[in-house]
Amino acid sequence: MKAAAIRLKPNEDLRKSLRNFALEKNIQAGFIITAIGSLKQAKIRFANQQASTLLTDKFEILSLNGTIATTGVHLHIAIADSQGKTIGGHLDDGCIIYTTAEIVIGTTDAFAFLRTIDEQTGYKELEITSNVD
């Protein structure tokens, strides 16, 4: 395993920045090790919902989990508002950094992560291929 780190600055889009980072670094199989920071806007799709919800407030990023690769990202986020109320779901484009986001990404050469349509779910789901002979 290797690790890479990125710091995002105010007004950057969290998901788009991570997707671009995967492309720039040619990440074939990456995963979030740790992430903290803050947002001034969050766009999250909640469980079993078709559309994302836009939240406009200041939020602390409590956790970010998922996979990233040149073929796509699938990330879930947990955030807390100024009262400490926590909410989370599927990270969408439109999560805008307030002050910073500090993210450490693990990568492995043992796999490649693809995103292919799953006939059962109808969504692009993770397909793992082995790079080990």
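A short reminder: the numbers here are calculations on the coordinates, not readings from a lab. Just so it is clear, the model here is predicted, and its values are computed rather than measured. Because the Cβ atoms are built from the backbone with ideal geometry, glycine has one as well, and the counts that use them run over all protein chains shown.
About its Cα centre, how strong a charge dipole does the chain have in debye, to the nearest 20, once Lys and Arg get +1 and Asp and Glu get -1 at the Cβ?
Details: 14 positive and 15 negative charges, 86 e Å.
With only Lys, Arg, Asp and Glu charged at Cβ, the dipole is about 420 debye.
The loop-placed trypsin sites (Lys or Arg not before Pro) in the stretch 51-126, going by DSSP, that have at most 15 neighbouring Cβ atoms within 10 Å of their Cβ come out as 58, 85. Restriction of the GluC sites (Glu not before Pro) in the stretch 97-133 to DSSP coil positions whose beta-carbon has at most 16 other beta-carbons within 10 angstrom yields 119. Relative to the longest principal axis of the Cα atoms of the chain, the long axis of helix 14-24 lies at roughly 30 degrees. Stokes-Einstein diffusion for the chain at 37 °C, viscosity 0.692 mPa s, with a Kirkwood radius from C-alpha pairs, works out to 215 µm²/s. Evaluated over the chain, the count of Lys pairs having alpha-carbon atoms less than 21 Å apart is 16 (only pairs 8 or more residues apart or interchain). The chymotrypsin sites (Phe, Trp or Tyr not before Pro) of the stretch 1-98 that DSSP puts in a loop, and whose beta carbon has at most 13 other beta carbons within 10 Å, are 46.
Legend: calculated FRET efficiency, residue 25 to residue 47, from the Cβ-Cβ distance at R0 = 22 Å, rounded to 0.05, equals 0.10. With the helix formula -39500 (n - 2.57) applied to DSSP H stretches of n ≥ 4, the chain reaches a computed 222 nm mean residue ellipticity of -2500 deg cm²/dmol.
Averaging Cα coordinates gives a centre for the stretch 103-133 and one for the stretch 1-29; these two points are 17 Å apart.
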